[in-house]
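Below is one structure, written out as structure tokens; the observations come after it.
No lab work stands behind these numbers, since they all come straight from the coordinates. Note that the coordinates shown come from a computational prediction; the quantities given were computed from them, not determined experimentally. Cβ atoms come from the backbone with ideal geometry, glycine included; neighbour counts cover every protein chain shown.
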Amino acid sequence: MEFESNWQERYKDMVRTPKLAVRQIHSGQRVFIGTGCGEPTELVNEMTARAGELADVEIIQLFTKGDALYAQKKFADSFTVNSFFIGQNVRGVIQEGLGSYTPMLLSNIPHLFNTGRLPLDVALIQVTPPDKNGKVNLGISVDIVKSAIENASLIIAQVNPRMPWTLGDSCIDIFDIDILVPSDVPLIEKEEEPLNEASRAIGRNVASLVPDGATIQFGLGRMPGFGRIPHAPIEFLREKKDLGIHSEIITDSVIDLIESGAVTGARKSFDRGRIVVSFCMGTRRLYDYVDNNPLFCFRPTEYVNDSMVISQQTKMIAINMGMEIDLTGQVSTDSYEGKFYSGFGGMVDFNRGAARSKDGRTIVVIPSTDINGSRTRVVTQLSPGTGVTITRGTIHFVVTEYGIAYLYGKSIQERVMALISIAHPKFREQLCREAVEAHFIRPDMGEIGNKFLLPSDETMKSTLLLDDGSQINFRSVRPTDEPSMRDLVYDLSQETIYYRFMSQQSKFTHQQIQNFVYIDHRKDVAIVGTVPEAHGEDIICVGRYYLDERTNRAEVAFVIRDEWQNRGIGSHVFKLLANIAKRNGITGFTAEVLRDNQRMRTIFNHSDFKVTHSIEGGVYSFVMDF
């Protein structure tokens, strides 16, 4: 971008030094500070230096990445922080009650300004030098800054040639500014905090939920020691195709994703081929990358975070971080252990939009424990004083380093067991006991502990009426099925055993029998078909799938007692397992089938799914996408 070379002379009546400029700030005023790494640091420092001359100045900010010296306790009489998002630099003063937090959907903040409900006296912003048409650019921070400019009584702009010129809706006329302060200083840079192993495992799990052609939002959340968890999936998305991005924030990590070829935006419903963002935060590498780059479209928050706009994208995937989740599915993001910690960010906006998107998904990422591993973040009840950001009625996917829980439309009992299954293993037994005490699950489930997790029978129940009038009842496997399971496997013919287990084994260990009945609610789903007998019931078939969390596909297998084969039971079991898998958000099935097992191959080939297969060494490998 070619700037006006003699702009300081051309607009000399508007030009001031930083010290003279901030003398226009007076006690009792409300002062807005530009967002994130776009903060006008020289203006902020000069304002802070006037602390002894000022009283009761209210600082309004989304969040800033500078030192925030105005937030020190010694300046409490001069400056009061009122932040829409609690960053590390103001967390202490707010938690001590010397500053304020305004809980607000990011998309609604401009409305506060526009309606005068939160009037602004002064806006301190940072822009590029003007071009020959008298336009300046907001660069890396458009977000709520543009609305602040439109509503503040006095606009003071730090004019910095190091600010990149971003494309989209990021320009304002120089005469919309009152005071220009020339300043050639480095922009704030933030290196990405390395992800720990838990965050990378979360990222890998999330990536399995992102289909080709999806449009993705990466949330604002960051957790010390874990890094920026909503951005963790980026590392694992590089093999995807035609991804789009519509997100309030991007960081340096998006560059590698773009350069991998995964991001084209070719399948976006609108803003096709463009990465839509409201601000970016990173290093000079990112700032140079977005400079005058037509791939990027920087737009204000009222567009980027509008849930109606978001919902119009097909396959919109919203990835946001929670601080804590209870077993009923309530998520907190702005508070933890009863203290205000961060903020809503764009979580609610994107959760609403993605939920209404065609084939969209909302994903909450949360590590299973705190950084020390001493406290579970999957809790029976939220900590006292902790607020609810996402209600139990609108939750979809929850992802920890231990797996994926799909809660949408699930009963309390179902979601309790699903969430316990992705909690840290050392807390699962405790959570089971507490869930019984809270009457979330049946008392007999309290003994489950770490051994297995049992889903509600209601989700697994089905019946099949055969041509001869026999009725088969299907349900989830139970711990009490161990004797009947032993009878089943020892009653199978050698041919059936060979087809199911691909071996000629004639005996099964006690541990093997236990493994058939002790299951994990989502990763190891197992159903049995039973017929009534005088002693109760006999198990005549077992169907099971085993989830591979790396691919979000499950390996499926089932076995039927010999005298019940060729009667349609296998097809019914397969459909039942598929319905359960789809309810749990699983992408598809895989299976290994011997060449001679014609019946099983026929069931898979005649399914309603997209089926591909290959053969090697007499074994067919099937992939079935739902």
Worksheet item: Once both axes come from the Cα atoms, what is the angle between helix 482-491 and the longest principal axis of the chain, in degrees from 0 to 90, rounded to 10?
Response: 60 degrees
Fill in: Within-10-Å neighbourhood charge of residue 589 [Cβ basis; K, R +1; D, E -1]
-1
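Just the number, please: percent antiparallel of the DSSP beta bridges in the chain, rounded to the nearest 5.
Details: 56 of 109 bridges.
Bridges in the chain that DSSP calls antiparallel: roughly 50 percent.
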Practice prompt. Using the structure shown, list the pairs from 240/358; 12/73; 12/74; 135/268; 65/426; 410/507 with a Cα-Cα distance above 28 Å, or answer none.
Written response: 12/73; 12/74; 135/268; 65/426; 410/507
Fill in: Length gained when the stretch residue 587-residue 3 is fully extended (0.36 nm per residue, less Cα-Cα span)
205.1 nm
Item to complete: Go ahead and run the numbers for FRET between residue 615 and residue 238, Cβ-Cβ distance against an R0 of 30 Å, rounding to 0.05.
Response: 0.50
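What is the local net charge at residue 579, summed over the other residues whose Cβ is closer than 12 Å to its Cβ (Lys, Arg +1; Asp, Glu -1)? List each step's numbers first, then the result.
Numbers: positive: 461, 575, 582, 583; negative: 608.
After counting each charged neighbour, the total is +3.
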Worksheet entry | the stretch 346-417-the stretch 567-626 distance, computed between alpha-carbon centres (Å) | 31 Å
Worksheet entry | Unit charges on C-beta of K, R, D, E only; dipole of the stretch 197-447, Debye | 420 debye
Response to the item:
For residue 615, the net charge from surrounding residues (Cβ-Cβ under 13 Å; K, R +1; D, E -1) works out to -1
Worksheet item: What does the highest-first list of 238-245, 272-279 look like by mean Cβ count within 10 Å?
Response: 272-279, 238-245
Worksheet item: Which Rg and Dmax, in Å, describe the Cα atoms of the stretch 457-625?
Response: 15.3, 46
Response to the item:
In degrees, nearest 10, the alpha-carbon axis of helix 197-207 is tilted away from the dominant principal axis of the alpha carbons of the chain by 80 degrees
Worksheet item: Order of 291-299, 150-158 by packing, highest average Cβ count within 10 Å first?
Response: 150-158, 291-299
Worksheet entry | Debye-sum result for the chain in log10 I(q)/I(0), which assumes one identical scatterer on each alpha carbon, at q = 0.08, 0.11, 0.12 Å⁻¹ | -0.65, -1.02, -1.16
Worksheet item: Using the C-alpha atoms of the stretch 28-131, what convex hull volume per residue, in cubic angstrom, is computed?
Response: 113 Å³
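Where does each of 618-624, 2-8, 548-554, 160-166 land if you order them by average Cβ count within 10 Å, highest first?
Top of the packing list down: 160-166, 548-554, 618-624, 2-8.
With charges set only on the Cβ (+1 for Lys and Arg, -1 for Asp and Glu), what does the dipole of the chain come to about its Cα centre, in debye to the nearest 20? Walk me through the numbers on the way to the answer.
Numbers: 67 positive and 78 negative charges, 86 e Å.
Value, rounded to 20: 420 debye.
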